[in-house]
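Undergrad: Just passing along the structure, written as structure tokens.
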Amino acid sequence: MSRPRSVRPAALVLVTSLAVLAAAVPAEARTPASGSLPAVTPRAETPTLYDDEAGGNANADDPAIWRNAADPGRSLVIATAKEGGLRVYDLDARQVQSIPAPAGPRPDDAPGRFNNVDLVQGLRLSSQKADIAVTTDRGNDRLRVYRIDRDRPGGPLTDVTDPAAAPVFSTGQDEINDQKTAYGLATWTDKTSGRSYALVSRRNRTAVALLELTARPGGTVGYRKLRTLDLPSTFRLPDGSSWTPCAEPGELPQVEGMVVDPANGMLYAGQEDVGIWRMRADLTGRPQLVDKVREFGISGVYDEETEECTAGADPGFGGKRLAADVEGLTLLTERDGDGYLMASSQGDNTFALYDRELEDDNEYEGGFRVAAATGTLDGSEECDGAAVLNAPLGRKYPHGLLVVQDGHDTPAEDEREATGFKFVDLGDVMDSVKD
């Protein structure tokens, strides 16, 4: 979950041109958050995580689904828990492994904090290929890499991060401690070259960096930065005025949710208070704004005491599908090449689906909610991250699986800040959308 963003203007020529492009997106008729969207219910939920000292400062954020090709029923869900590190769950949503986030190098330095996670299949290491999980350690401004071996004694994940891995954005520990660090994440393997990459966004900034994942000695994995692209922080509105999302001073509208479509090498990036961008995953060419949040264009005043923004009048320039923040993005692929881009609309607890085909210009296809199944198995609220896999996963999920973060897990103990992940049968989602 995120706080309000800053009001600082963009300075680069590229950013200025993108702001003009964003303004060219036609303003849509505004509609309130819809309670008429179909609802699906989860089949299972992970054990509750508590973001306090007793709970190890664990806060659920972003999941990824690893399919065990040899035995799909023994597939895994790998998820971040921020200062709580990584959690690994089986398809019954039972925890099978917990990996702590590494501490900072000195006692007063920022602690490790795992924000987002994604997977790479068949990455060539120094001796053989392996499936790996990659996570952003925003506390230390690095990527952490884990090899996946379902049957390894002690747990399926093994840390194979290159010990010499450098910070992604920062130039030194003092800058790391400012926490304008590695945040959102999407992995991508180029079909032509076979090389694998990580796209990493920067916390409280508009930057997205392209890193190539590289095999290092001893079966470890490192990375090298190839280029960085800055999205706009200021936008030209149809009435000729300019607008910057309201935020705490010094913060820019950041990107977190990201996913790459492997069929065409397109990156979709959710700029939380702005909307969804589409761009080439190699970060060349010009990004396009696919959809905007409803709050797009609404000015605000930041209150230092409440740490919140007071919104002004609505000029009617926003979209009608997403309520800020736009968060977890995931790709639902189908065998015929069709499918959906799925986005978490955190502000109204819904999920939006867009056609993944570029010929249809990512047209909106529908949406749904994840509602409570029982009095103890609740739905998903203020969802940060989501992952979907349209492939059979044994008898439990023969039609595939959707995993979504729940920002308010209930019932919680003694009003503690409680989060977790919900497992939803993908067949239920597809039925609800197509009805």
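The values are calculated or read from the model by the stated rules, or taken from the named source; none is laboratory data. Just so you know, these numbers come straight off a predicted model, no measurement behind them. In this analysis, Cβ positions are derived from the backbone assuming ideal geometry, glycine residues included, and neighbour counts consider all displayed protein chains. Note: accessible area is taken over every heavy atom of the protein model, side chains too, but ligands, DNA and RNA are not part of it. Shrake-Rupley method; radii C 1.70, N 1.55, O 1.52, S 1.80 Å.
Undergrad: Mind listing whichever residues of the range 216-227 are open to solvent by 10 Å² or more (accessible area, probe 1.4 Å), touching a residue at least 40 places away in the same chain (Cβ under 8 Å) and either closer than 14 Å to L143 by Cα or of a type in the set (D, E) (or both)?
TA: T220, Y223, K225
Undergrad: Are there any strands (runs of 3 or more DSSP E) wholly within the range 228-314 with 1 or more residues that are open to solvent by less than 60 Å² (accessible area, probe 1.4 Å) and basic (K, R), and if so which?
TA: Working: elements: 255-261, 266-271, 275-280, 288-292, 300-303, 308-311.
Result: 275-280, 288-292.
Undergrad: If you scan the range 305-345, which residues turn out to be hydroxyl-bearing (S, T, Y) and farther than 30 Å from E359 by Cα? I'd like the intermediate steps shown before the answer.
TA: If we filter the range 305-345 for residues that are hydroxyl-bearing (S, T, Y), which is where we start, we get 306, 310, 330, 333, 340, 344-345.
Once the filter is applied, which keeps residues that are hydroxyl-bearing (S, T, Y) and farther than 30 Å from E359 by Cα, the range 305-345 yields T306, T310.
Undergrad: Moving on to the next point. What about D71, is it touching a Gly at 6+ places or on another chain (Cβ under 8 Å) and open to solvent by 50 Å² or more (accessible area, probe 1.4 Å)?
TA: Working: touching a Gly at 6+ places or on another chain (Cβ under 8 Å): yes; open to solvent by 50 Å² or more (accessible area, probe 1.4 Å): yes.
So D71 fits the description; yes.
Undergrad: Which residue out of V145, V117, V96, V88 is open to solvent by 20 Å² or more (accessible area, probe 1.4 Å) and not hydroxyl-bearing (S, T, Y)? Let's see the steps before the verdict.
TA: Details: V145 fails: open to solvent by 20 Å² or more (accessible area, probe 1.4 Å); V117 fails: open to solvent by 20 Å² or more (accessible area, probe 1.4 Å); V88 fails: open to solvent by 20 Å² or more (accessible area, probe 1.4 Å).
On inspection, the qualifying residue turns out to be V96.
Undergrad: Looking at the structure I just gave you, is E175 out of contact with any Asp or Glu (no Cβ under 6 Å at 6 or more places or on another chain), part of a helix (DSSP H, G or I) and surrounded by fewer than 23 Cβ atoms within 10 Å (Cβ to Cβ)? Outline the logic, then answer.
TA: Details: out of contact with any Asp or Glu (no Cβ under 6 Å at 6 or more places or on another chain): yes; part of a helix (DSSP H, G or I): yes; surrounded by fewer than 23 Cβ atoms within 10 Å (Cβ to Cβ): yes.
So E175 passes the test.
Undergrad: Checking E175 against (1) in contact with a strand residue (DSSP E or B) (Cβ under 7 Å, 6 or more places away or on another chain); (2) farther than 28 Å from R67 by Cβ; (3) acidic (D, E): exactly one of these is not met. Which one?
TA: (1)
Undergrad: So G139 passes all but one of these: (1) of a type in the set (G, A, S); (2) touching a Pro at 6+ places or on another chain (Cβ under 6 Å); (3) open to solvent by 20 Å² or more (accessible area, probe 1.4 Å). Which condition number does it fail?
TA: (3)
Undergrad: Taking the condition among the acidic types (D, E), out of contact with any Cys (no Cβ under 8 Å at 6 or more places or on another chain) and without any contact (Cβ under 8 Å) to a residue 60 or more places away in the chain, does D325 pass? Steps first, please.
TA: Values: among the acidic types (D, E): yes; out of contact with any Cys (no Cβ under 8 Å at 6 or more places or on another chain): yes; without any contact (Cβ under 8 Å) to a residue 60 or more places away in the chain: no.
When the stated conditions are applied, D325 does not pass them.
Undergrad: Can you give me the ranges of the strands (runs of 3 or more DSSP E) entirely in the range 62-164 with at least 3 residues that are within 22 Å of the chain's Cα centre (by Cα)?
TA: Values: elements: 63-66, 76-80, 86-89, 95-99, 114-124, 129-137, 142-148, 157-159.
The qualifying strands (runs of 3 or more DSSP E) are 63-66, 76-80, 86-89, 95-99, 114-124, 129-137, 142-148.
Undergrad: Which condition does A372 not pass, out of (1) more than 23 Å from S241 (Cβ to Cβ); (2) of a type in the set (A, V, I, L, M, F, W, C); (3) in contact with a strand residue (DSSP E or B) (Cβ under 7 Å, 6 or more places away or on another chain), if it passes all the others?
TA: For A372, the exception is condition (3).
Undergrad: While we're on this one: Kindly indicate whether any position in the range 319-342 is more than 19 Å from the chain's Cα centre (by Cα), crowded, with 23+ Cβ neighbours inside 10 Å and at negative phi.
TA: yes
Results for (1) under 30 Å from V40 (Cα atoms); (2) in contact (Cβ under 8 Å) with a residue 40 or more places away in the chain, shown as yes or no for each residue.
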| site | (1), (2) |
| --- | --- |
| M279 | no, yes |
| D282 | no, yes |
| E304 | no, no |
| G318 | yes, yes |
| L341 | yes, yes |
| D360 | yes, no |
